[in-house]
1. Can you pull out the residues in segment 138-156 that are buried (at least 17 other Cβ atoms within 10 Å of the Cβ), assigned to a strand (DSSP E or B) and either among the aliphatic types (A, V, I, L, M) or near ligand 1 (Cβ under 9 Å from one of its atoms) (or both)?
2. Test R108 against the criterion of being in a helix (DSSP H, G or I), under 25 Å from the mean Cα position of the chain (by Cα) and either over 28 Å from I81 (Cα atoms) or within 16 Å of ligand 2 (Cβ to nearest atom) (or both), and give yes or no.
3. I need the full set of residues from segment 338-353 which are under 13 Å from G319 (Cα atoms) and within 16 Å of the chain's Cα centre (by Cα), in order please.
4. Being away from ligand 2 (no atom under 16 Å from the Cβ), surrounded by 20 or more Cβ atoms within 10 Å (Cβ to Cβ) and at pLDDT 95 or above is the requirement here; does T127 meet it?
5. When only residues in segment 178-196 that are surrounded by 18 or more Cβ atoms within 10 Å (Cβ to Cβ) and over 30 Å from N136 (Cβ atoms) count, which is farthest from ligand 1 (Cβ to nearest atom)?
6. Kindly indicate the residue of segment 157-177 that is within 12 Å of ligand 1 (Cβ to nearest atom) and touching a residue at least 40 places away in the same chain (Cβ under 8 Å) and also most open to solvent (accessible area, probe 1.4 Å) among those meeting that condition.
Amino acid sequence: MSLAFNNNFKVGILGGGQLGRMLIQSGIDFNIPIIVLDPDAHAPCSSLAEFQHGKLTDYDTVMKFGEQCDIITIEIENVNITALKTLAKQGKKVFPQPEVIELIQDKRTQKRFYFDNGIPTADFILTENKKDVENNIDFLPAVNKLGKEGYDGRGVQILSSALDVRRAFDSPGILEKLIDFEKEISVIIARNEQGEVKTFPAVEMVFHPVQNLVEYLFAPANISTEIAEKAHAIAHKIITKLNMVGLLAVEMFVTKAGSILVNEIAPRPHNSGHHTIEANITSQYEQHLRAILNLPLGDTTLLAASAMVNILGEPGYEGLAKFEGMDEVMKLPGVHLHLYGKRFTKPFRKMGHVTLVDKDITRLKANTEFVRQILKVKA
Ligand SMILES: Nc1ncnc2c1ncn2[C@@H]1O[C@H](COP(=O)(O)OP(=O)(O)OP(=O)(O)O)[C@@H](O)[C@H]1O
Ligand SMILES: [Mg+2]
């Protein structure tokens, strides 16, 4: 039975960005006290919950923080694993488990995990440095990725030909076959301590062509039932093999031949699940809380077609954020606005998102395009 509703029970979140912010919103409905740690004193969560200012990668800081919590979770993977392992040994619940976060922190161990467990993924070579990449030009065209600390497209680059090799990363990374995919999809899945598993319907992600970050997405993904079932089965296999508790986002490629390859996974609420707040019976944030609190998982049914557009800082502007086009956007049918409380914008910074829920798919697509054109963050 979950102890979550007893007095003095506290959930700690490592990271105080927008994912933490939306997790707090769900925590309020469950009346679960939440405490947040983040290195930025003005982080999106800083004024919404009990907040501590400190480095997520520092052992002593994470230990001191964790000792005040009953359950510790994350909204970012770059955290001190040794501290989390110690806290887990001391009897704290750490979900996702430190071993899972550790595996996922490094794209190299992720790839090895897929390979060892028969999970389909793009062919790859592990590279230690630039020299290794140079020695493998036969493998191009390929995607060169940093093992650690890449996110939102930073630490990912396409190497098309031998000429590009001079840009190769000179740190441990991977060289992965360039996939000529039909679509990128994401399946979010959750598992609680009792082993109950529930999957959200697959969504289709459209990435910014240069920045490599999610620009907008549609739910449900426009894929056949057969491909959807395959994708769900792969996500199920991954979360079960990891034996993990919490929410897991599985990013996949659907190839032109109709097969599925896993790109990467994230053991936490994810950008590709923002729309679930309004479009699904249970949001990904509530589901994450249910999973880590060992509550029965919620109904993931999608109530209507939906689109989510990230509100990104306009290139060329840096400073105090000014939003343009807000009134026009707010007039749209089925629109919901989420701003993350970031005062300052910079190019491609995630400042918020807009969700559209609309049974009329043609109108939904047209309005998604409208939001992308008209909503701008300048300074
Ligand atoms: N092997 C590949 N073939 C083709 N495109 C790829 C490949 N690997 C990555 N990409 C493209 O680059 C994007 C970013 O890659 P990846 O998800 O590994 O990086 P990331 O920086 O961790 O991403 P995120 O934006 O999810 O934080 C992918 O979503 C995809 O569009
Ligand atoms: Mg990714």
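1. Correct list: A142, V143, K145, L146, V156.
2. Yes: the conditions hold for R108.
3. Scanning segment 338-353 gives R349, M351.
4. Details: away from ligand 2 (no atom under 16 Å from the Cβ): yes; surrounded by 20 or more Cβ atoms within 10 Å (Cβ to Cβ): yes; at pLDDT 95 or above: yes.
It is true that T127 is away from ligand 2 (no atom under 16 Å from the Cβ), surrounded by 20 or more Cβ atoms within 10 Å (Cβ to Cβ) and at pLDDT 95 or above.
5. The residue in question is N192.
6. Among them, the one singled out is K177.
Conditions (1) among the small types (G, A, S); (2) in contact with a Phe, Trp or Tyr (Cβ under 7 Å, 6 or more places away or on another chain); (3) surrounded by 16 or more Cβ atoms within 10 Å (Cβ to Cβ); (4) not in a strand (DSSP E or B), marked per residue:
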| site | (1), (2), (3), (4) |
| --- | --- |
| F5 | no, no, no, yes |
| L23 | no, yes, yes, yes |
| S26 | yes, yes, yes, yes |
| F51 | no, no, yes, no |
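Quick grid of which residues meet (1) touching a helix residue (DSSP H, G or I) at 6+ places or on another chain (Cβ under 8 Å); (2) assigned to a loop (DSSP other than H, G, I, E, B); (3) surrounded by fewer than 22 Cβ atoms within 10 Å (Cβ to Cβ); (4) among the aliphatic types (A, V, I, L, M):
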{"site": "N31", "(1), (2), (3), (4)": "no, yes, yes, no"}
{"site": "I35", "(1), (2), (3), (4)": "yes, no, yes, yes"}
{"site": "D40", "(1), (2), (3), (4)": "no, yes, yes, no"}
{"site": "S46", "(1), (2), (3), (4)": "no, yes, yes, no"}
{"site": "T57", "(1), (2), (3), (4)": "no, yes, yes, no"}
{"site": "I101", "(1), (2), (3), (4)": "yes, no, no, yes"}
{"site": "R112", "(1), (2), (3), (4)": "no, no, yes, no"}
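The values are calculated or read from the model by the stated rules, or taken from the named source; none is laboratory data. Since we're looking at a predicted model, the values are computed, not measured. Ideal geometry is used to build each Cβ from the backbone, glycine not excepted, and the neighbour counts take in all protein chains shown. What goes into the accessible areas is simple: the full protein's heavy atoms, side chains included, and nothing from ligands, DNA or RNA. Shrake-Rupley method; radii C 1.70, N 1.55, O 1.52, S 1.80 Å.
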